[in-house]
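See below for the structure under consideration.
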Amino acid sequence: MDLNEKQLDALQEMGNIGASHAATSLSQMLMNEISMTVPEVKKIDIADISDYFGEEICAMVVFEIQGTIDPAGYIVYHVPLKSAIRMTNAMIGMQDEDREINEMDESALLEVGNIMVSHFLDATAELLGIVMLPSPPQLAIDMAHASFENIVAQVALDINEILLFSTELKESENGIQSTIVLLPEENTLTEILSLLDNLLEQVS
Amino acid sequence: MSGYTRDTADKINVGIGEFSVGSMTMTSIGLGSCIALIIHDDYLKIGAVAHIMLPESKGRDERPGKFADTAVPLLKTELIKRGSKPRSLQATIIGGARMFEKFRGDLDIGSRNIEAVSQALKVHCIPLVTEETGGTSGRSITYIPTNGGTITIKQANGEWKEL
């Protein structure tokens, strides 16, 4: 799907609203300031996904988006391994960074991911005037590309280019970095764009 | 999200849905539910790799490397074009892991991929000599056609395996 500049702007703004709410909830959980990048909307050929997700081990908490638009796509909370350990440590006041990732980290990732993604979808859905709910989360701690291609396989039967919305969140006191990635189905994108169009018309 | 180099002169990374044929070293990084299909010709010391994402093309012909049913005949044809005899061809498949428990949809596409590739190999009379499939974690592979078709697998837990 080809997007014009106005559509890209609208999508970026939508991502911005969702991500800001997610960032606020993360900052409350970590009790620290979170800085957020401007959401990026990237069109990527499936063959080039390895330029963005490599072999490094990371945590991916994955949610299917359910609600008015169905199937709508996936939302992924992507946390590098070191950051995942630091996140649990920060929440329970531990120091040891060189430990193996364990069940406690996994529960923390699922919980933090769930809260952030719920906020992200709530804010986005409210803007669009529809219902968007996250499915129960699924977690993989593995090579980033390996986990991500499993999700891409769900949306890319008919398409060879995917649209990725990503926003990076950084907490600098403990050095916790994470990314929220939205991977919409193609039909979702069409619907979202028409909803955003209506919204823009109302405003102008 | 770290970057990495690809397509250097003597080494090619085969991305999702892509394929490569020749005598250069071929890699495929971070195979999850996808499958690396490797067909090796030890007589000519050449081979082919496809990074298969889904089991069935259902008539789609845009990216034959993407689907099990189109990737198998594609690699066979490409190797025969380069002089391979059908009887010298030997297949290895790697990947098809289950990265996530099932969602409402079908995220366990890995096992369906394994089945579809094995089936297509049978249909096209290419013996499946080695298989490193299933499980719940990712793998990266490096295939060197000139060196007896050596395949090195790097597993997500950091362990290496040579086939």
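Any residue at all in the range B:87-94 that's free of Cβ contacts under 8 Å to residues at least 40 places away in the same chain and more than 14 Å from B:Gly32 (Cα to Cα)?
Taking the range B:87-94 as the starting set, the residues that turn out to be free of Cβ contacts under 8 Å to residues at least 40 places away in the same chain are B:87.
Restricting the remaining residues to those that are more than 14 Å from B:Gly32 (Cα to Cα) gives B:87.
Looking for residues that are free of Cβ contacts under 8 Å to residues at least 40 places away in the same chain and more than 14 Å from B:Gly32 (Cα to Cα), one finds at least one in the range B:87-94, hence yes.
Matching residues to (1) β-branched (Val, Ile, Thr); (2) over 27 Å from B:Thr136 (Cα atoms); (3) within 10 Å of the chain's Cα centre (by Cα); (4) surrounded by 17 or more Cβ atoms within 10 Å (Cβ to Cβ):
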site: B:Ile29; (1), (2), (3), (4): yes, no, no, yes
site: B:Gly32; (1), (2), (3), (4): no, no, no, yes
site: B:Ile46; (1), (2), (3), (4): yes, yes, no, yes
site: B:Ala71; (1), (2), (3), (4): no, no, yes, yes
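Out of curiosity, is A:Ile75 crowded, with 20+ Cβ neighbours inside 10 Å and assigned to a strand (DSSP E or B)?
Values: crowded, with 20+ Cβ neighbours inside 10 Å: yes; assigned to a strand (DSSP E or B): yes.
The answer is yes for A:Ile75.
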Subject >> Unique residue being farther than 21 Å from A:Ala22 by Cα, crowded, with 18+ Cβ neighbours inside 10 Å and within 16 Å of the chain's Cα centre (by Cα) when the list is A:Ile180, A:Ile162, A:Ile176 >> reply: A:Ile162
**OP:** Would you point out the residue of the range A:26-52, among those that are of a type in the set (D, E, K, R), more than 9 Å from chain B (Cβ to nearest Cβ) and not in a loop (DSSP other than H, G, I, E, B), that is nearest to the chain's Cα centre (by Cα)?
**Re:** A:Glu40
Subject >> Leading residue by the ranking (farthest from the chain's Cα centre (by Cα)) among those in the range B:132-154 that are surrounded by fewer than 16 Cβ atoms within 10 Å (Cβ to Cβ) and without any contact (Cβ under 8 Å) to a residue 24 or more places away in the chain >> reply: B:Asn147
Original post:
Any idea which of A:Phe148, A:Phe120, A:Phe165 is within 24 Å of B:Arg112 (Cβ to Cβ) and of a type in the set (Phe, Trp, Tyr)?
Top reply: A:Phe148
Original post:
Do we find a residue being away from every other protein chain (no Cβ under 13 Å) and more than 30 Å from A:Pro71 (Cβ to Cβ) anywhere in the range B:100-121?
Top reply: yes
**OP:** Output the residue which, of all residues in the range A:53-69 that are more than 7 Å from chain B (Cβ to nearest Cβ) and touching a Ser or Thr at 6+ places or on another chain (Cβ under 7 Å), is surrounded by the fewest Cβ atoms within 10 Å (Cβ to Cβ).
**Re:** A:Gln66
**OP:** Could you list all residues from the range B:21-52 that are in contact with a Phe, Trp or Tyr (Cβ under 9 Å, 6 or more places away or on another chain), in contact (Cβ under 8 Å) with a residue 60 or more places away in the chain and of a type outside the set (S, T, N, Q)?
**Re:** B:Met26, B:Ile29, B:Gly30, B:Gly32, B:Ala36, B:Leu37, B:Ile38, B:His40, B:Gly47, B:Val49, B:Ile52
Original post:
Filter the range B:84-111 for residues that are in contact with a helix residue (DSSP H, G or I) (Cβ under 9 Å, 6 or more places away or on another chain) and surrounded by fewer than 17 Cβ atoms within 10 Å (Cβ to Cβ); which is modelled with the lowest pLDDT?
Top reply: B:Gly105
Original post:
Only one residue in A:Ser27, A:Ser50, A:Ser35 is surrounded by 15 or more Cβ atoms within 10 Å (Cβ to Cβ) and farther than 30 Å from B:Gly17 by Cβ. Which one?
Top reply: A:Ser27
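Run down A:Gln202, A:Gln154 and say which single residue is in contact with an Asp or Glu (Cβ under 9 Å, 6 or more places away or on another chain), in a helix (DSSP H, G or I) and not small (Gly, Ala, Ser). Step through it out loud before you land on a result.
Numbers: A:Gln202 fails: in contact with an Asp or Glu (Cβ under 9 Å, 6 or more places away or on another chain).
Of the residues listed, the single one that is in contact with an Asp or Glu (Cβ under 9 Å, 6 or more places away or on another chain), in a helix (DSSP H, G or I) and not small (Gly, Ala, Ser) is A:Gln154.
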Original post:
Only one residue in B:Ile153, B:Ile94, B:Ile141 is aliphatic (A, V, I, L, M), within 14 Å of chain A (Cβ to nearest Cβ) and either out of contact with any Asp or Glu (no Cβ under 8 Å at 6 or more places or on another chain) or farther than 29 Å from A:Glu56 by Cβ (or both), so which one is that?
Top reply: B:Ile141
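Name the residues in the range B:1-33 that are β-branched (Val, Ile, Thr) and either modelled with pLDDT of 55 or more or touching a strand residue (DSSP E or B) at 6+ places or on another chain (Cβ under 9 Å) (or both), would you?
So in the range B:1-33, the residues β-branched (Val, Ile, Thr) come out as B:5, B:8, B:12, B:14, B:16, B:21, B:25, B:27, B:29.
The answer is B:Thr5, B:Ile12, B:Val14, B:Ile16, B:Val21, B:Thr25, B:Thr27, B:Ile29.
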**OP:** Just give me the residues in the range A:111-151 being part of a helix (DSSP H, G or I) and within 12 Å of chain B (Cβ to nearest Cβ), in sequence order.
**Re:** A:Ala144, A:His145, A:Ala146, A:Ser147, A:Phe148, A:Glu149, A:Asn150, A:Ile151
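The values are calculated or read from the model by the stated rules, or taken from the named source; none is laboratory data. These numbers come from a predicted model, not from an experiment. Here the Cβ is made from the backbone with ideal geometry for all residues, glycine too, and neighbour counts use every protein chain on show.
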